[in-house]
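This report refers to the structure that appears directly beneath it.
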Amino acid sequence: MNAIEVEHLTKFYGPARGVEDISFNVKAGEIMGFLGPNGSGKTTTMRILTCFFPPTSGTARICGHNILTDSLAVRQKTGYLPESVPLYLDMPVFSYLRFFAEVKGITTKSRKGKVDEVIGACGLDSVAHRLIGKLSKGYRQRVGIAQSLLNDPEVLILDEPTIGLDPKQIIEIRNLIRGLGSKRTVILSTHILPEVSMTCDRVIIIHKGRLVAVDTPANLIKRLQQTPRIIVKAGGPSEKIKDALGSLPGVVAVTQKQSGSQGLHSFQVETQEGVHLINSIARTIDNHNWTLQEVRPVDMTLEDIFIHLVTEEEGADTT
Amino acid sequence: MNTFAIMKRELKSYFTSLIAYVVIAIFLIISGYFFYTNLVMFVMWVGSDVKLGLWQYTFHDMRFIMLLLIPLLTMRLFAEEKKLGTIELLYTNPIRDAEIVAGKYLSCLTVFIIMLFLTLLYPVLLEVVFSVEIGPLLAGYIGLLLLGAAFIACGIFISSLTENQIVAAMATVGVLVFFWFIDWNEGIAGEQAVEVLHRLSLFEHFTNFTKGVIDISDIVYYVSLIAFFLFCTLCSLEVRKWSGNK
């Protein structure tokens, strides 16, 4: 069963394109990652799904309710954490959450219990009676997430939930989201790739307002990692190092990136798939008595994915 | 029910941020001063017509202070939420636009009623030395209440148009002053036009109340003006949605 169905969603801000012709489905209980650079349309899509503003054309259904005709029911079933984490800074955490509990229609009787529950789930016990304006960024983020959880939403939409948090908090929030995922459908946007592979079941990639790919993280990475690359930083005569690296079996190409200070050079080695060359590169450099500073495989970055997918798409457009 | 929740939250915000205390204090000090000087004037020169004249002067003075202070109460209602981005939370929670507008309007109206209620101290004090007639006093206060309610409706509409509180306050004062002077320009507008403008003037309708006259047409004027501005506020929220801005 699909919890979220998006059909040909398009949003223009005047002449400027927010998103164009986006369609996808999210199954109930799935955690969907939303990946894209700044300004690619992640927030626009989320704002449409949460009924903040309507699309220019196209439609979407959340738990079977149309966002245009049945907006109140949609809002009743969703929890939303906006990207900027807006909060009433002059309110204490507890009153803030109680206000939203009331607005979300939680009865007077169960209100306090519900608020206490989300305070516990988001680790806010120690600051429950402090003013939100006095809290650190990490705590404010949690207050925002707590607000979105108050009505036990079937669909949770989180816009960059881990931005601005320290590493420990990021792990905590990820675990929190992972834990929620078993019961609810979650859409979360991010531009950190490892985060997606750690938390999400599937990923949507959008670029310049268009949908580029929808797939599982494992499939995406498999699809993209066709030519593994290794970065080598070594000191010595640059031409000789380049030749020595190029003559290793399994190497496709060697490009010199830049000459660093203190006679260190940096190279990028492209290798055939399935060949592990780290050890033989280290040995070669050692045998020549050159200085070895660094040998590491290149991680797939979001940038790589975009360059890859976007060029792929543009190529398909022209042919 | 959401209306009530929003109203409660706004009221708390008025009093924790001290805005309400400051505005009420200034209102009481200045209107108290006006009341005192008017009283002294009537005691020294007019003497006999204290009952009507004193209140008429005092109400006219209070009207002027309200013109300057109410925009300071209304300016934050939408502008602040837009600036902070919290309006996004209101729009994406299960709250109808009308409930947002009503909650905010009623919270501001409550602060204004508290403010007005405290000025009843002046007639109570006067009663100690001089018998006060309830009728004209009541009419005047109904007038002030309606006038203030109209000011608030105008202010809330203007606050929904901008995210800058200062701009909202200044524009509200501007619009209210315009409504005040609207029927002054007999030289340019013809006699008939002045007659129409006369009926549109915010303050012309107030004069009857200060004389102790409660005319149904004046009440209808204020109530329809309030409804008009609140409707405009709702429209402005709706327009915002389609334009895609905050």
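The values are calculated or read from the model by the stated rules, or taken from the named source; none is laboratory data. Remember, predicted model here, so these are calculated numbers, not experimental data. Don't worry about glycine lacking a Cβ; one is built from the backbone with ideal geometry, like all the others, and counts go over all protein chains shown.
Given B:GLU88, B:GLU81, which one is within 30 Å of A:ILE62 (Cα to Cα) and either in contact with a Lys or Arg (Cβ under 8 Å, 6 or more places away or on another chain) or surrounded by fewer than 16 Cβ atoms within 10 Å (Cβ to Cβ) (or both)? Spell out how you get there, then give the answer.
Values: B:GLU81 fails: either in contact with a Lys or Arg (Cβ under 8 Å, 6 or more places away or on another chain) or surrounded by fewer than 16 Cβ atoms within 10 Å (Cβ to Cβ) (or both).
Going through B:GLU88, B:GLU81 in turn, the sole match is B:GLU88.
Which fully enclosed helices (runs of 4 or more DSSP H) of the stretch B:66-156 have 3 or more residues being modelled with pLDDT under 90?
Of the helices (runs of 4 or more DSSP H) lying wholly inside the stretch B:66-156, those with at least 3 residues that are modelled with pLDDT under 90 span B:121-129.
From the list A:ILE192, A:ILE206, pick out the single residue that is touching a residue at least 24 places away in the same chain (Cβ under 8 Å), closer than 21 Å to A:SER84 by Cα and surrounded by 19 or more Cβ atoms within 10 Å (Cβ to Cβ).
Numbers: A:ILE192 fails: surrounded by 19 or more Cβ atoms within 10 Å (Cβ to Cβ).
Going through A:ILE192, A:ILE206 in turn, the sole match is A:ILE206.
Quick one: count up the residues across the stretch B:157-167 that are aromatic (Phe, Trp, Tyr) and not in a helix (DSSP H, G or I).
Residues of the stretch B:157-167 aromatic (Phe, Trp, Tyr): B:157.
This time we only want the ones that are not in a helix (DSSP H, G or I), so: none.
Matching residues across the stretch B:157-167 total 0.
If you scan the stretch A:62-75, which residues turn out to be surrounded by fewer than 20 Cβ atoms within 10 Å (Cβ to Cβ) and more than 13 Å from chain B (Cβ to nearest Cβ)?
Matches in the stretch A:62-75: A:GLY64, A:ASN66, A:THR69.
Looking at A:LEU68, A:LEU124, A:LEU72, A:LEU131, which is the one that is out of contact with any Leu (no Cβ under 8 Å at 6 or more places or on another chain) and more than 19 Å from A:THR50 (Cα to Cα)? Spell out how you get there, then give the answer.
Numbers: A:LEU68 fails: more than 19 Å from A:THR50 (Cα to Cα); A:LEU72 fails: more than 19 Å from A:THR50 (Cα to Cα); A:LEU131 fails: out of contact with any Leu (no Cβ under 8 Å at 6 or more places or on another chain).
Result of the check over A:LEU68, A:LEU124, A:LEU72, A:LEU131: A:LEU124.
Given the condition assigned to a loop (DSSP other than H, G, I, E, B), at pLDDT below 85 and over 24 Å from A:ARG75 (Cβ atoms), answer yes or no: does some residue in the stretch A:172-186 qualify? Lay out the reasoning, then the answer.
From the stretch A:172-186, those assigned to a loop (DSSP other than H, G, I, E, B) are A:182-184; that's our starting set.
Pick out the ones that are also at pLDDT below 85 and you get A:182-183.
Applying the additional criterion that residues be over 24 Å from A:ARG75 (Cβ atoms) yields none.
No - not one qualifying residue is present in the stretch A:172-186.
Considering only the stretch B:17-36, I want to know if a residue exists there that is surrounded by fewer than 22 Cβ atoms within 10 Å (Cβ to Cβ), modelled with pLDDT of 90 or more, within 14 Å of chain A (Cβ to nearest Cβ) and over 29 Å from B:GLY143 (Cβ atoms).
For the stretch B:17-36, residues surrounded by fewer than 22 Cβ atoms within 10 Å (Cβ to Cβ), modelled with pLDDT of 90 or more, within 14 Å of chain A (Cβ to nearest Cβ) and over 29 Å from B:GLY143 (Cβ atoms): absent.
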